[in-house]
Structures are given as structure tokens and as C-alpha cells.
Amino acid sequence: MGNSIQFIESGVRLIASERNWIEGDAIEQLKHVSRLEGMNQVVGLPDLHPGRGYPIGAACWSQQKIYPALVGNDIGCGMALYETSADANKVKQDKWEKALRKNAFKDQESWSQAGASRFCEQAKRVGLDEQLQANTELVDGFHHSYGTIGGGNHFAEFQKVIKVHNDTLFTELGINKKALFLLVHSGSRGLGEAILRQHVDAFGHQGLDQQSVDADNYLTKHNLALCWAEVNRELIAARMCDCLGLDLTEILDVNHNLVSPVSVNGQTGWLHRKGVTPADQGVVMIPGSRGSSSYLVKPIVSDVSLSSLAHGAGRKWVRSECQGRLRKKYRISELQRTSLGSRVICDDKSLIYEEAPEAYKSIDIVVADLVAAGLAEIIAEFAPVITYKNVYKEACCK
DNA sequence: ATGTCC
């Protein structure tokens with residue numbers, strides 16, 4: 001075990017044990033963020049790795065200032081876990097793979113329509129009705145993206161329980177150990193991107209004063225993007241299950257790219273999470289790569305971690321070097337299978353290399369570091385069955 | 001991450 005909380009410098013902490021390799025560039029980015037005006041504390045989680053200017057896997061707590069660039073372009077990106085009506089041991093992989101490829105993402109226009117009305121309903125339900133009215137033009141621009149997974153590390157993956165680590169906590173959740181589950185990792189697609197771009201075009205990378213109209217405007221759009229992303233994950237799950245004739249029940253849906261008002265030591269401030277799972281939203285899923293386990297954990301709220309957890313394994317290799325490193329080792333057909341017996345549906349040649357299990361760090365170490373730091377309890381471990389990845393391109397040809 | 005980028 002050993003301690004996995006490192007104090008890098010004043011206001012900069014890293015949750016990582018000695019055996020967890022963290023890239024030096026990521027630590028430098030973390031220190032850089034800590035020096036931004038009004039930045040009070042930053043914490044690197046065990047999946048910390050370098051991003052474009054700002055680190056991924058970093059929780060950043062500021063006072064007075066809000067930094068949209070720290071949330072990034074994929075506002076509202078998160079993980080949603082669903083229990084399906086299927087028995088995990090009765091999955092017909094060949095048949096399901098064919099059905100998913102053929103039918104899961106067809107009829108985009110009707111799903112766009114369904115998405116638009118679902119988003120409207122949901123915005124009303126969470127009290128964002130007026131905010132939506134004021135931003136209809138922005139939102140309408142992404143009508144075509146409802147229910148699409150997107151690229152990068154986004155995926156929708158059928159999974160099964162392979163080990164229950166804590167019977168009491170597992171039973172409390174009331175979920176079926178034998179069921180097939182679906183984990184959806186996606187976000188706000190082009191909407192979040194547009195919101196960040198608008199902000200950067202107007203203000204560059206400087207923070208916004210929390211009392212300003214500009215901060216209000218950003219937060220309004222940010223909150224709409226969170227809602228949009230939540231609806232999007234629900235739509236992705238629905239269309240995948242529809243095509244296989246499965247029912248589904250949501251177990252959890254937690255965003256990991258967002259900024260929210262959070263008090264630390266009794267002082268109010270703003271917590272920016274980029275690739276960081278909140279520890280105060282109930283149980284969460286921390287997935288590894290497509291070739292490793294995902295962990296369902298119960299987070300433990302703590303000021304040390306700024307009430308945050310890792311959101312995944314974290315990249316080990318940058319995307320641009322994956323194909324070069326693995327091209328001679330694997331054919332595409334080999335990348336469509338994993339050592340755990342799961343299938344990978346991904347027609348993008350670069351992406352299937354970029355997301356290879358080798359490109360990611362060990363999820364077992366990441367989760368062990370969280371447990372060693374007293375930040376999480378493992379409930380159960382899940383293994384992939386079918387991983388679906390796609391980048392939607394159809395509508396552009398019209 | 002992004003209708004990526006001609």
C-alpha cells in the first residue's frame with residue numbers, strides 16, 4: 001500500500017504512489033495552473049497526464065476567478081452506467097456485433113428529433129428553461145449530434161461483473177450481478193467545443209471574474225452543455241439497446257469535465273474538474289482501457305483530493321505515436337479483439353491504434369492509489385464484452 | 001476533444 005499523497009509544492013498535491021508513473025510534463029502543467037491568478041489549490045489525480053496546455057486529471061480550486069479553458073472543450077463529458085435486461089452470459093457476440101454495426105446508429109434524423117425534445121424536457125426539469133430560450137440558436141446548431149458518441153476516448157461498452165469486492169455495498173445498490181451492463185463515455189460534442197471557442201475568441205485564456213456578466217454567460221452555456229451531454233449519453237444507451245431489443249435502467253451518470261461552486265475549509269470558490277470524477281455524487285465507474293477492467297467505486301469526500309477521483313487509467317502514449325509503435329505488432333483484425341475475449345467495433349484505423357490497451361496506464365494501479373489515499377472503496381470490477389466506438393460522419397454528405 | 005484538415 002504505502003502513502004499515495006505527494007505534496008509537490010504549496011497548494012499543489014498529487015495522488016500517486018511510487019509505482020504509478022506520472023509524466024513530468026503533466027506535473028509542470030499542474031504547477032503552471034497553480035500560478036494562475038486566484039488559483040488556490042490544485043490536485044493531480046492518479047491518471048494525471050499532459051493535455052493541450054492544461055493537464056488532464058487535475059482538480060483546480062480558485063477563488064474569485066473562473067477559467068473556462070481549465071474545463072476544456074468537452075464540457076459535460078462523463079460516464080453513465082446502465083443495467084440492461086440481458087444476461088451477461090448469454091451474449092451472442094457475432095450476432096450482436098453485426099446488429100450494432102448495421103442498426104445502432106442509423107436513422108440519425110429521427111434520433112436528432114427525439115434528442116431535441118428530450119433535451120428541452122430535461123432543461124425544463126433542471127430549471128434551465130429560460131437559459132435554453134436565450135441560447136436556442138447555439139443549441140439548434142448541434143441538432144445533428146444528438147445520440148452520437150464522438151471520437152477520441154469516447155465509447156459505449158457492454159460490460160459484465162467479474163468480481164464483487166464489497167458484498168455489502170454491491171447489495172445496497174440493488175443491481176443484478178448477472179446482468180449485462182452498458183457504460184457510456186461521451187460529452188457535449190460540438191456544443192461544448194463552440195462554447196469554449198466563443199469564450200477563447202473573446203477573452204483568450206484569462207479567467208473571468210465571478211461577479212461579471214461574462215462569467216454568468218459562460219456558466220449558463222456551461223450548464224446547458226452539462227444537460228446536453230447527460231441527455232446525449234442517455235440517447236446513446238437507448239439506441240444501442242433499442243437495436244438489440246434490450247431494456248435499460250440508469251445506475252449512475254457523472255460528469256468529469258465541469259466547473260462548480262465548491263467550498264473548501266469553509267471558504268467558497270470554484271472547482272474546475274478536467275478529467276476528474278466528483279467524489280460527492282454517489283458511486284462512480286472508473287474505466288480502464290478497452291482491454292482491462294473498469295471499477296465501480298464508492299468515493300470518499302475529502303479536502304485533500306478536493307472531493308475528486310481519477311476518471312480513468314490515463315494515457316501513457318500520445319495519440320500520434322500509437323500507430324507507429326503498434327503497427328508491426330498487430331493487424332487491425334487483432335485490435336478488434338482483446339485478451340479479455342471482448343470485441344471492439346471501430347472502423348477508424350487511426351483511432352483503433354490510438355485507443356489500444358497499450359496506450360493506457362494500468363487502471364489497477366490508478367484505483368489502488370485512490371484506495372491507498374483513503375479516497376475510494378472498490379465495490380466491483382467489470383470486464384468489457386463489446387466496445388463500440390464511432391465517429392459520426394454520415395449527415396455531412398447531404 | 002472538435003463536422004478535426006487541406
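Read-outs: derived from the displayed coordinates by stated rules, not from any lab. Worth saying up front: this structure is predicted, and the values here are computed from it rather than measured. In this analysis, Cβ positions are derived from the backbone assuming ideal geometry, glycine residues included, and neighbour counts consider all displayed protein chains.
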### Task
Taking H placed 1.01 Å from N in the peptide plane, check which residues at least 5 places from A:Ile75 or on another chain put their amide H under 5 Å from its amide H.
A:Ser188, A:Gly192, A:Glu193
### Summary
Projected onto the charge dipole of chain A (unit charges on the beta-carbon of Lys, Arg, Asp and Glu, signs +1, +1, -1, -1), the Cα from A:Leu132, A:Val33, A:Ala376 with the largest positive-side position is that of A:Ala376
### Query
Got a sec to turn the phi values of region A:117-126 into Karplus ³J(HN,Hα) couplings, 6.51 cos²θ - 1.76 cosθ + 1.60 with θ = phi - 60°, whole Hz, x for Gly and Pro?
6, 5, 5, 4, 4, 5, 4, 4, 4, 9
#### Entry: Computed lengthening from A:Asn166 to A:Asp25, 0.36 nm per intervening residue step minus Cα-Cα distance
47.1 nm
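For a quick protection proxy, order the peptides A:383-389, A:121-127 by their average other-Cβ count within 10 Å, most packed first.
A:383-389, A:121-127
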### Bins of 10 Å from zero: percent of alpha-carbon pairs in chain A
5, 23, 33, 27, 10, 1
### Query
Got a sec to turn the phi values of region A:301-318 into Karplus ³J(HN,Hα) couplings, 6.51 cos²θ - 1.76 cosθ + 1.60 with θ = phi - 60°, whole Hz, x for Gly and Pro?
5, 7, 5, 4, 9, 6, 6, 9, 10, 4, 10, x, 7, x, 6, 9, 10, 6
### Task
Give, as ranges by residue number, the residues of region A:310-343 whose backbone N falls under 19 Å from the point 7 Å along Cα→Cβ of A:Lys349.
A:319-337
## Note on the structure
Residue-normalised 222 nm signal for chain A, counting each DSSP H run of n ≥ 4 as -39,500 (n - 2.57), nearest 500 deg cm²/dmol, is -10000 deg cm²/dmol
#### Entry: Net dipole in debye of chain A [+1 Lys, Arg Cβ; -1 Asp, Glu Cβ; about Cα centre; nearest 20]
1520
### Cleavage-rule hits (GluC sites (Glu not before Pro)) in region A:1-81: DSSP loop, at most 12 neighbouring Cβ within 10 angstrom
A:Glu18, A:Glu37
